[in-house]
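Written out below as structure tokens is the structure these notes cover.
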Amino acid sequence: MGNQKLYKGSLQTIILKLLESQDKMYGYEITQKVKELTKGKLNITEGALYPALHKLEADGLLEVEIVNIGNRLRKYYKLTEHGTKETVNKMAELETFLNTMQTFINPKFSLD
Amino acid sequence: MTLSKEQIVFIDDYLKSKRLKYWDIRLEMVDHLASKLEQEPNLILDEALLKQEFGDLFKIQKTSQIIAGGIKKKYRKLVFKEVKLFLTHSIGWVFLSFFYILEYLIFRYSNNNLFIKTNIAIIILSLLPIALFSVKNIVQKNRSKHLELAATNVTLSFSLINFPIMMLLFLNPEGTILDSNKFWLTLFLMTIVPIHLLFTYCGFKFYLKTNKGYTQLFNEQCKINAAN
């Protein structure tokens, strides 16, 4: 499972990246997709997910659509136009971070 | 398997029994759990399962506080955006200029005591609309965390004004607020009241938008619960 705290700073980027490839997703769907892609290594709790989604919404990167799915209401999240552009920036930042960390993990090996 | 409406209501009632009174917070938590349970075949939905999934009372309250914390930060940001947007238009500057001119005229043509009393009355009156809406929300059975947090942003500048006024009282404990350091109080009120009105106006505008959205949502939720 690894140390979940190490993923904390990347959660918003992960959410943006997932929503880039989907029209819209709801909270549970996001947690399941992350779990599937990471083969169970990363489990996002509601306590971590919903504040991250609210922050992205406050920053204008996500918008909410509430849909009646028959037996209840469901909140879907999707990228705004600004969010789509910002995802590219966030992914570039993440890549830079990973390259930097790689120098600590394997000092003799550099991706540059 | 899809959960029935009765099962959804069962989950919602369970959260209500754990003192989670805000329907909009429950909405997210119910959907999250219901989505999870719908993946499970041969599900037996009972209190024991809900206790296992949601955790104890402390954990439920903590989860709801974390979600509410996210909403609070979101709304604080959105209200400041509303103020910024208002000031990018000329109407925002007309608004501010009007109240600064009004402040000057009240100061110029009245005495110090009347000036201070008038400003305190303006501050209190500016909060009356949100006070009425807040009472309405508390009295009705559809308490919404989103609306409560939107309302706190309307009163934010009032809370900030309180501190210097309390400091002035603290520095002159034997006198009344009208006796204590009139010059500084006058200057403070003249400067800050128009800004307070700006933030209160933008906060209230944002609250009305949020109120409209969440009232529609609540009515939609009631229709689902009523339909069988």
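The values are calculated or read from the model by the stated rules, or taken from the named source; none is laboratory data. Remember, it's a predicted structure, so these values are computed and weren't measured experimentally. Using ideal geometry, Cβ is built from the backbone for each residue, glycine included, and neighbour counts are taken over all protein chains shown.
Brief remarks follow.
- Members of the range A:16-33 that are within 13 Å of chain B (Cβ to nearest Cβ), closer than 16 Å to A:LYS55 by Cβ and of a type in the set (A, V, I, L, M, F, W, C): A:ILE30
- Some residue of the range B:147-158 being without any contact (Cβ under 8 Å) to a residue 24 or more places away in the chain and either within 30 Å of B:SER64 (Cα to Cα) or not charged (D, E, K, R) (or both): no
- Unmet requirement for A:LYS41, which otherwise passes all of (1) touching a Leu at 6+ places or on another chain (Cβ under 9 Å); (2) more than 8 Å from chain B (Cβ to nearest Cβ); (3) not in a helix (DSSP H, G or I): (1)
- Hits in the range B:51-80 (condition: free of Cβ contacts under 8 Å to residues at least 40 places away in the same chain and either away from chain A (no Cβ under 11 Å) or over 20 Å from the mean Cα position of the chain (by Cα) (or both)): B:LYS51, B:GLN52, B:GLU53, B:GLY55, B:ASP56, B:LEU57, B:PHE58, B:LYS59
- Of all residues in the range B:3-29, those being within 12 Å of chain A (Cβ to nearest Cβ), closer than 27 Å to A:ALA48 by Cβ and over 23 Å from the mean Cα position of the chain (by Cα) number 6.
- One residue from A:GLU63, A:GLU57 being surrounded by 18 or more Cβ atoms within 10 Å (Cβ to Cβ), within 30 Å of B:ILE8 (Cα to Cα) and touching a residue at least 12 places away in the same chain (Cβ under 8 Å): A:GLU57
- Subset of the range B:25-35 [of a type in the set (D, E, K, R) and modelled with pLDDT of 90 or more]: B:ARG26, B:ASP31
- Meets criteria (over 26 Å from the mean Cα position of the chain (by Cα), surrounded by 19 or more Cβ atoms within 10 Å (Cβ to Cβ) and either closer than 30 Å to B:ASN111 by Cβ or at pLDDT below 85 (or both)) for B:LEU185: yes
- Taking the range A:50-71 as the range and being more than 8 Å from chain B (Cβ to nearest Cβ) and aromatic (Phe, Trp, Tyr) as the test, no residue passes.
- Any hit, the range A:2-18, residues being outside any helix (DSSP H, G or I) and under 23 Å from B:ARG26 (Cβ atoms): no
- Residues located in the range A:45-82, provided they are under 21 Å from B:ASP12 (Cβ atoms), assigned to a helix (DSSP H, G or I) and charged (D, E, K, R): A:GLU46
- Complete set of residues in the range A:5-27 that are more than 13 Å from the chain's Cα centre (by Cα) and either free of Cβ contacts under 8 Å to residues at least 40 places away in the same chain or under 15 Å from A:GLU86 (Cβ atoms) (or both): A:LYS5, A:LEU6
- Where A:GLU46 falls short, out of the listed (1) facing chain B (nearest Cβ under 8 Å); (2) surrounded by fewer than 18 Cβ atoms within 10 Å (Cβ to Cβ); (3) of a type in the set (Asp, Glu): (2)
- Tally of residues being touching a residue at least 60 places away in the same chain (Cβ under 8 Å) and loosely packed, with under 15 Cβ neighbours inside 10 Å across the range B:101-119: 4
- Candidate set from the range A:72-98 (those that are more than 14 Å from A:ILE30 (Cα to Cα) and within 10 Å of chain B (Cβ to nearest Cβ)); member that is surrounded by the most Cβ atoms within 10 Å (Cβ to Cβ): A:ARG72
- Residues of the range B:15-45 that turn out to be touching a residue at least 40 places away in the same chain (Cβ under 8 Å) and within 26 Å of B:THR210 (Cα to Cα), as a count: 9
- Count of the range B:32-49 residues which are in a helix (DSSP H, G or I), surrounded by 15 or more Cβ atoms within 10 Å (Cβ to Cβ) and within 14 Å of chain A (Cβ to nearest Cβ): 5
- Boolean, B:ILE130 is touching a residue at least 60 places away in the same chain (Cβ under 8 Å) and closer than 17 Å to B:LEU185 by Cα: no
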